[in-house]
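See below for the structure under consideration.
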Amino acid sequence: MLQSLCCSVVKANDEAEAIARYFQYNPDIVLKDIIMPILDGVSATLKIKELAAEKAAAIVAMTAGASENDAKKYTDAGMAGLVSKPIRITKLVDVCWHQMIKTDRA
């Protein structure tokens, strides 16, 4: 989806791989699935935030079931936004663009 909008996309199969690729590629924004093998998305976000300190990119949660309590848990963990599944491209682009402007990376 994002590649069709001329975005570079790096994929990971699990959160351990995602953390390694985060530091390898230094992304502008991270779309983080909440339910992943090995380490869940919230724990991986906390690990990235801890290791990257103030240079951490915006991390956006992506999940199928998101209640208000879930959304608060994600923002408390340092996530910058939430995109619920099924993903609508307009919502995804809106959230990503908002984060890019917010972090002055647009």
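No value in this document is a laboratory result; all are computed from the given coordinates. Remember, it's a predicted structure, so these values are computed and weren't measured experimentally. Cβ coordinates were reconstructed from backbone atoms using ideal geometry, including for glycine residues, and neighbour counts include every protein chain displayed.
Using +1 on the beta carbon of Lys and Arg, -1 on that of Asp and Glu, and nothing else charged, what's the dipole of segment 14-102 about the Cα centre, debye to 20? Let's see the in-between values first.
Numbers: 11 positive and 12 negative charges, 45 e Å.
In debye, rounded to 20, segment 14-102 gives about 220.
For the chain, what does the helix formula give at 222 nm: sum of -39500 (n - 2.57) over DSSP H segments with n ≥ 4, over the residue count, nearest 500 deg cm²/dmol? Let's see the in-between values first.
Values: 4 runs with 46 residues, N = 106.
When only DSSP H runs of four or more count, the value is -13500 deg cm²/dmol.
How far, in nm, would the chain grow between N13 and L51 when pulled straight, counting 0.36 nm per residue and subtracting the alpha carbon separation? Before the final figure, lay out the partial values.
Details: separation 38, 0.36 × 38 = 13.68 nm, distance 2.03 nm.
Between N13 and L51, full extension yields an extra 11.7 nm.
If R0 is 35 Å, what FRET efficiency do you get for I38 and H98 from their C-beta distance, rounded to 0.05? Can you show the working numbers first?
Values: r = 30 Å, r/R0 = 0.85.
Efficiency at R0 = 35 Å is approximately 0.75.
From the gyration tensor of the Cα coordinates in the chain, what semi-axes in whole Å does the equivalent ellipsoid have, largest first, with each one equal to sqrt(5λ)?
For the chain, the semi-axes come out at 18, 17, 14 Å.
Report the full-extension gain for the segment A20 to A71: residue separation times 0.36 nm, less the Cα-Cα distance, to one decimal in nm.
Extending this stretch completely gives an extra 15.8 nm.
Checking a compactness column here: for segment 58-106, what do you get for Rg(Cα) / (2.2 N^0.38 Å), N being the number of residues? Mind dumping the intermediate values first?
Values: Rg = 10.8 Å, N = 49, 2.2 N^0.38 = 9.7 Å.
Relative to the 2.2 N^0.38 Å estimate, segment 58-106 comes out at 1.12.
Around V83, which amide H atoms from residues at least 5 apart in sequence, or from another chain, sit under 5 Å from its own amide H, with H modelled in the peptide plane?
A61, M62, T63
Please report, ordered by residue number, every helix of the chain (full DSSP H runs) that is 30 Å or longer along its axis going by C-alpha atoms and whose mean Kyte-Doolittle hydropathy reaches 0.0. Don't jump to the answer; show the numbers that get you there.
Numbers: long enough: none.
Membrane-span-like by this rule: not one helix.
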